[in-house]
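Trainee: Input: one structure, supplied below.
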Amino acid sequence: MADVSSFEIVEGNFDPIPDGTYEVEVKSIVEDFSKAGHRYLKAEFEVIEGDHSNRRLWDRFNMWHPNPDAVLASQKQLSSLFTAAGFPTMRDTEDLIGEQVNARVRIQQDDGYDPKNVIKGYRSNGAPKPRPSVASKQTIAEAA
């Protein structure tokens with residue numbers, strides 16, 4: 001065990017951030033499984049500007065859900081993330097790591113649960129996003 005008695009208790013702020021549009025950076029996108037056993041993508045974002053800098057937000061993409069409506073909604077949401085990041089088509093989610101986009105964030109209140117933030121959509125932050133061509137990526141990979 002570790003003795004942490006020399007540290008003070010620090011209060012964290014887990015209240016949702018206000019409704020609005022925030023510039024965020026994609027920190028990770030990983031596959032996970034729901035309690036029901038359905039595979040999905042879990043994305044983590046960090047707010048990178050303003051009063052709420054360094055706060056984390058999450059989104060879930062149910063790309064393999066048995067409900068086709070859930071899959072379609074997730075496909076639209078993930079498509080908007082790729083488009084906002086400057087990709088003309090959906091590719092490997094690893095390509096999104098480190099990309100910065102604007103996220104439209106709302107507070108959601110579900111009965112019996114604390115309020116939480118949900119991401120309702122993504123837009124480009126207007127910054128130019130040069131992309132290497134497929135040929136140059138292959139050349140870079142071959143040189144490595």
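The values are calculated or read from the model by the stated rules, or taken from the named source; none is laboratory data. In this text, all values refer to a predicted model and were calculated from it rather than measured experimentally. Note: ideal-geometry Cβ built from the backbone for every residue, glycine included; neighbour counts use all protein chains shown. For the accessible areas, the whole protein counts, side chains as well, though only heavy atoms, and no ligand, DNA or RNA atoms are used. Shrake-Rupley method; radii C 1.70, N 1.55, O 1.52, S 1.80 Å.
Trainee: Can you tell me which residue is nearest to Lys120 (Cα to Cα) among those in the range 59-98 that are in contact (Cβ under 8 Å) with a residue 40 or more places away in the chain and open to solvent by 80 Å² or more (accessible area, probe 1.4 Å)?
Mentor: Here is the first cut: in the range 59-98, the residues in contact (Cβ under 8 Å) with a residue 40 or more places away in the chain are 59, 77, 80-81, 83-87, 93-94, 96-98.
Among the residues that remain, those that are also open to solvent by 80 Å² or more (accessible area, probe 1.4 Å) are: 83, 94.
Working: Thr83: 15, Glu94: 21 Å.
For the range 59-98, the residue satisfying everything is Thr83.
Trainee: May I pose another question? Report yes if some residue within the range 11-24 is touching a residue at least 12 places away in the same chain (Cβ under 8 Å), crowded, with 16+ Cβ neighbours inside 10 Å and not in a strand (DSSP E or B); otherwise report no.
Mentor: yes
Trainee: Just need a number here: residues in the range 25-51 that are in a loop (DSSP other than H, G, I, E, B) and surrounded by 11 or more Cβ atoms within 10 Å (Cβ to Cβ).
Mentor: 4
Trainee: Exactly one condition in (1) free of Cβ contacts under 8 Å to residues at least 40 places away in the same chain; (2) closer than 18 Å to Lys116 by Cα; (3) in contact with an Asp or Glu (Cβ under 7 Å, 6 or more places away or on another chain); (4) not basic (Lys, Arg) is false for Phe45; which is it?
Mentor: (1)
Trainee: Still on this structure: Scan the range 116-135 for residues that are modelled with pLDDT of 95 or more and part of a loop (DSSP other than H, G, I, E, B) and jot them down.
Mentor: If we filter the range 116-135 for residues that are modelled with pLDDT of 95 or more, which is where we start, we get 116-124.
Once the filter is applied, which keeps residues that are modelled with pLDDT of 95 or more and part of a loop (DSSP other than H, G, I, E, B), the range 116-135 yields only Ser124.
Trainee: Name the residue, out of Gly98, Gly112, that is over 14 Å from the mean Cα position of the chain (by Cα) and either outside any strand (DSSP E or B) or more than 23 Å from Pro128 (Cβ to Cβ) (or both).
Mentor: That would be Gly112, the only listed residue that is over 14 Å from the mean Cα position of the chain (by Cα) and either outside any strand (DSSP E or B) or more than 23 Å from Pro128 (Cβ to Cβ) (or both).
Trainee: Shifting gears a bit: Determine which single condition Gln138 fails, assuming it passes every other condition in (1) at pLDDT 90 or above; (2) of a type in the set (S, T, N, Q); (3) in a helix (DSSP H, G or I).
Mentor: Among (1) at pLDDT 90 or above; (2) of a type in the set (S, T, N, Q); (3) in a helix (DSSP H, G or I), Gln138 violates only (1).
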